[in-house]
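The values are calculated or read from the model by the stated rules, or taken from the named source; none is laboratory data. Computed from a predicted structure; not experimentally measured. Cβ placement follows ideal geometry from the backbone for every residue including glycine, while neighbour counts extend to all protein chains displayed. Only protein heavy atoms, including side chains, enter the accessible area calculation; ligands, DNA and RNA are left aside. Shrake-Rupley method; radii C 1.70, N 1.55, O 1.52, S 1.80 Å.
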Amino acid sequence: NKSPLTLCLNSQPAHALWFDRKKYVTINFVVQKPTDVQVDIQPDKMILCCKNDTDDVFYNELHFYDKVQIYDSRERVHERTINFLLRKMKPDVAWPRLQKDPAKPSWISVDFDNWRDWEHEEDEGKAEYDQYMDFAQNFHKGIVIPGINNFQSEDFVTSVVSCCPAELKQEVNGRKETLKGFNVLLKDTILFPEGGGQPDDHGLIGEVPVLRVTRQGPDAVHFVTSPVEVGQEVRVTVDWERRFDHMQQHSGQHLITALADAMFGYKTTSWDLGRHRSTIELDTPSVKAAQLQELEEAVNEKIRSGIPVSVQLLDLSDPAVEKVRSRGLPDDHAGPIRIIDMEGIDANMCCGTHVTNLSHLQVIKLLGTEKGKKNKTNLIFLTGNRVLKYAEKSYSTERSLVSLLKTGPDEHVEAVEKIQKSVKLLQKSNLSLLRDMAVLIARDFKNNPHRGNFFSFHKKEGDNEFMNIIANEINTEETLVFLTVGEEKGAGLFLLAGPSGQVTELGPRILELLQGKGAGKNGRFQGKANSLARREEVEAFLRQRCKHHSSEEE
């Protein structure tokens, strides 16, 4: 809510051009490079006060022909105009004039270029309004879109209310990090704070990236890494690609949820908008393949029908709220109730961002289902641009497989199955050879008259079974055996076998040198080595201990 205006002295009215639509009224005030803009929109009137580039003062007070919805009415300051979009309290009722008073002031003119007889139009011109309202309306206080033009490159000038030191915990490449920065409150914002199953918007405050937007009661809190000056005017820009992706996935979820319920009685209990794919948790133990296909055909038919999606703001006491699908309001809810209405399909309480027409979803692809928690099913889906990217990636993979397998796409599965069978036969033959080799390695050591009481061996190819066969063939009650397999300077496996006392004593030291994990009992100590780079050092250490042990026995 904006502060009440005081009367601007020594002022003149700015010239206003206006036109009427089914659900809204547009007024454009002509002011060159407007500054110090103050606006107060009330249900029955509005006040504008500002200056132009030569410091002339303009003051306009309008008493509307009929009431408007203040939550859905916004203004946008441009280089030569200040544009207002006013949502009618009574939609589909024409305004024959802008003001309640029949007397027409000289500074009000009809914008004949945009005026048309909308009673006979098929919602022509509604798209601009719906785009604006979809982007603008949010039931959180202080989260608004004050413009009606350049929707897809929307930015917005506002002021900084507060900037406080803060920390952000996030995961980077699988590691949790704490980032130091600042929490910023703005007078208004176009960046959506996470909520309703939808991630937050990203964007810029001036040149400073916004890394996170969260909701605290009625406020949107922006996390940035650099401070911004309190009271300063800043330009806020939304990352449109991220925003539109979220709009498509969220509206897609509403559509799937509504039809899954209407067609099969499957209720949605939760949903997740993921980075690459989204899931809807359905309250059913399973979904049949035929039902999945039928549901996909139905949602895409609705998309092709171009069904409009509108936003309504209702007071909590409005009886219509009880008829709307909802899983309840948050405890810290503030302001009116926001309803997303897919005409003739679904009306759902939601705070997220949505498309204004189902045709903007382009297409929905249901990828399949997974078993969910507590006898539920997770339905996996993609919407819009994600489907296109998925198709592009799939085609790229298909071309690579054609090149590698030397077969057409229809023969890929058969070709891979043949390769898998060949690999299994090769693995079986390889294991047999490794076992035979292990026995020969052990016998070669046993047949050496100068073998001593220590044996060490490394092979790049091998496994635990290979090492255990060697150890089993050698009398480890008298001989200390150290075996490794894997990359010589990289990760691998190790086995230390021998007299129980020696193994128990030396095992922990081996773990330390190999940066590994393992355990031992009954004369054997084995595990994983993160690095075999110090293998020679380990071997020298063990050889020295064996010599020392032999000298003690003598």
Requested in this report: Pick out, from region 309-403, the strands (runs of 3 or more DSSP E) lying fully within it that include 3 or more residues that are modelled with pLDDT under 95 and in contact with a helix residue (DSSP H, G or I) (Cβ under 6 Å, 6 or more places away or on another chain).
Outcome: none
Query raised in the report: Could you say which residue among Ser286, Ser270, Ser278 is touching a helix residue (DSSP H, G or I) at 6+ places or on another chain (Cβ under 7 Å) and touching a residue at least 40 places away in the same chain (Cβ under 8 Å)?
Result: Ser278
Query raised in the report: What's the number of the condition Gly486 fails, among (1) within 52 Å of the chain's Cα centre (by Cα); (2) open to solvent by less than 40 Å² (accessible area, probe 1.4 Å); (3) within 16 Å of Arg524 (Cα to Cα)?
Result: (3)
Requested in this report: Just give me the residues in region 198-233 being in a loop (DSSP other than H, G, I, E, B) and open to solvent by less than 40 Å² (accessible area, probe 1.4 Å), in sequence order.
Outcome: Pro199, Asp200, Asp201, Gly206, Gly217, Val228
Report summary line: In region 23-38, anything touching a strand residue (DSSP E or B) at 6+ places or on another chain (Cβ under 8 Å) and surrounded by fewer than 19 Cβ atoms within 10 Å (Cβ to Cβ) is listed as Val30, Thr35, Asp36, Val37, Gln38
Query raised in the report: What are the pairs, 6+ residues apart or on separate chains, where a residue within region 231-245 that is within 14 Å of Pro199 (Cα to Cα) has its Cβ under 6 Å from a residue that is open to solvent by 30 Å² or more (accessible area, probe 1.4 Å) and assigned to a loop (DSSP other than H, G, I, E, B)?
Result: Asp239/His202; Arg242/His202
Query raised in the report: Would you call Glu414 loosely packed, with under 13 Cβ neighbours inside 10 Å and not in a loop (DSSP other than H, G, I, E, B)?
Result: yes
Requested in this report: Read through the list (1) in a helix (DSSP H, G or I); (2) under 27 Å from Lys389 (Cβ atoms), then give the number of the only condition that Val287 fails.
Outcome: (1)
Report summary line: Residue hits (region 514-531; open to solvent by less than 50 Å² (accessible area, probe 1.4 Å) and within 43 Å of the chain's Cα centre (by Cα)) are Leu514, Gly516, Gly518, Gly527, Ala529, Ser531
**Report entry** Test: residue in region 262-273 that is under 20 Å from Gln362 (Cβ atoms) and either part of a helix (DSSP H, G or I) or basic (Lys, Arg) (or both)
**Finding:** no
Report task. Restricting attention to region 362-388, report how many residues are open to solvent by 10 Å² or more (accessible area, probe 1.4 Å) and of a type in the set (Ser, Thr, Tyr). Result -> 1
Query raised in the report: Which strands (runs of 3 or more DSSP E) does region 90-192 wholly contain that include 2 or more residues that are polar (S, T, N, Q) and at pLDDT 80 or above?
Result: 155-172, 175-186
Query raised in the report: Which of (1) at pLDDT 90 or above; (2) open to solvent by 30 Å² or more (accessible area, probe 1.4 Å) is the odd one out, the single condition Arg74 does not satisfy?
Result: (1)
Report summary line: In region 447-462, residues that are outside any strand (DSSP E or B) and either touching a residue at least 60 places away in the same chain (Cβ under 8 Å) or surrounded by 13 or more Cβ atoms within 10 Å (Cβ to Cβ) (or both) total 4
**Report entry** First in region 465-480 and charged (D, E, K, R), second anywhere and in a helix (DSSP H, G or I) and open to solvent by less than 80 Å² (accessible area, probe 1.4 Å), Cβ under 7 Å, 6 or more apart
**Finding:** Glu473/Val439; Glu473/Ala442
Report task. Scan region 298-315 and report the pairs whose first residue is on the phi > 0 side of the Ramachandran plot and whose second residue is open to solvent by less than 20 Å² (accessible area, probe 1.4 Å), with Cβ atoms within less than 9 Å and a gap of 6+ or a chain change. Result -> Gly306/Leu358
Query - Residue list for region 62-115, restricted to those being of a type in the set (Ser, Thr, Tyr) and within 43 Å of the chain's Cα centre (by Cα) - result: Tyr71, Ser73, Thr81
Query raised in the report: Taking interchain pairs and intrachain pairs at least six residues apart, which have beta carbon atoms under 8 angstrom, with the first residue in region 53-76 and part of a loop (DSSP other than H, G, I, E, B) and the second open to solvent by 30 Å² or more (accessible area, probe 1.4 Å) and basic (Lys, Arg)?
Result: Asp53/Lys33; Tyr65/Arg97; Tyr65/Lys100; Asp66/Lys90; Lys67/Lys90
